[in-house]
Amino acid sequence: QVQLVESGGGLVQTGGSLRLSCAASESIFSFNAMYWYHQAPGKQRKLVATITGGGRTNYADSVKGRFTISRDNAKNTVYLQMNSLQPEDTAVYYCRAERGIYDDWGQGTQVTVAS
């Protein structure tokens, strides 16, 4: 099992920025893809951004143009740069790694956007 540790969450004002990190316990080079999800209180977990092993990215409509997912294979880390944050972005953000038939999840990091 791969350990994933998210960090970088916190409290920010509307319009502010945060960069989340997801550090893996082993090389991510061969992972099929890595993902960021968020889960707001009382709501289902939703996919926010995807980055494949080949570097292709995809975003939920709600974050396109504001969020950027990237990966640093040398550091075994995936990032989520979040700009122009809005109160509706408030949620716990989770990292997920897809390795063949296996899925691994981190514990999450809280992002709170104050209005």
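The values are calculated or read from the model by the stated rules, or taken from the named source; none is laboratory data. What you see is a predicted model; the values in this text were computed from it and never measured. Note that each Cβ is placed from the backbone with ideal geometry, even for glycine, and that neighbours are counted across all protein chains shown. The area values use the complete protein model at the heavy-atom level, side chains included, leaving out ligands, DNA and RNA. Shrake-Rupley method; radii C 1.70, N 1.55, O 1.52, S 1.80 Å.
For every residue, the table says whether it meets (1) touching a Gly at 6+ places or on another chain (Cβ under 6 Å); (2) farther than 26 Å from ILE101 by Cβ; (3) modelled with pLDDT under 95.
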| position | (1), (2), (3) |
| --- | --- |
| VAL2 | no, no, yes |
| GLY8 | no, yes, no |
| ALA23 | no, no, no |
| SER30 | no, no, yes |
| TRP36 | no, no, no |
| GLN44 | no, no, no |
| LEU85 | yes, yes, no |
>> Out of everything in segment 64-73 that is under 12 Å from the mean Cα position of the chain (by Cα) and more than 14 Å from ALA97 (Cα to Cα), what residue ends up being surrounded by the most Cβ atoms within 10 Å (Cβ to Cβ)?
In response: PHE67
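In this structure, is ALA114 under 25 Å from GLN3 (Cβ atoms) and of a type in the set (A, V, I, L, M)? Spell out the reasoning first.
Working: under 25 Å from GLN3 (Cβ atoms): no; of a type in the set (A, V, I, L, M): yes.
Taking the combined requirement at face value, the residue does not satisfy it.
Sort out which residues of segment 16-49 are outside any loop (DSSP other than H, G, I, E, B) and not aliphatic (A, V, I, L, M), and write them in order of number.
ARG19, SER21, CYS22, TYR35, TRP36, TYR37, HIS38, GLN39, LYS46
Quick one: which strands (runs of 3 or more DSSP E) lie wholly within segment 50-107 and hold at least 3 residues that are more than 18 Å from ALA24 (Cα to Cα)? Please lay out each step first, then the result.
Working: elements: 57-59, 67-72, 77-82, 91-99, 102-105.
Counting at least 3 such residues, we get 57-59.
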> Which one of SER84, SER62, SER30 is within 19 Å of VAL5 (Cα to Cα) and of a type in the set (Ser, Thr, Tyr)?
Replying inline: SER30
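Quick check: anything in segment 39-56 in contact with a strand residue (DSSP E or B) (Cβ under 7 Å, 6 or more places away or on another chain), under 18 Å from GLN3 (Cβ atoms) and of a type outside the set (Val, Ile, Thr)?
Here is the first cut: in segment 39-56, the residues in contact with a strand residue (DSSP E or B) (Cβ under 7 Å, 6 or more places away or on another chain) are 39-40, 45-53.
Still in the list and also under 18 Å from GLN3 (Cβ atoms): none.
There is no residue in segment 39-56 that is in contact with a strand residue (DSSP E or B) (Cβ under 7 Å, 6 or more places away or on another chain), under 18 Å from GLN3 (Cβ atoms) and of a type outside the set (Val, Ile, Thr).
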> For segment 86-101, which residues satisfy the criterion of being out of contact with any His (no Cβ under 8 Å at 6 or more places or on another chain), open to solvent by 10 Å² or more (accessible area, probe 1.4 Å) and touching a residue at least 12 places away in the same chain (Cβ under 8 Å)?
Replying inline: GLN86, PRO87, GLU88, THR90, ARG96, GLU98, ARG99, GLY100
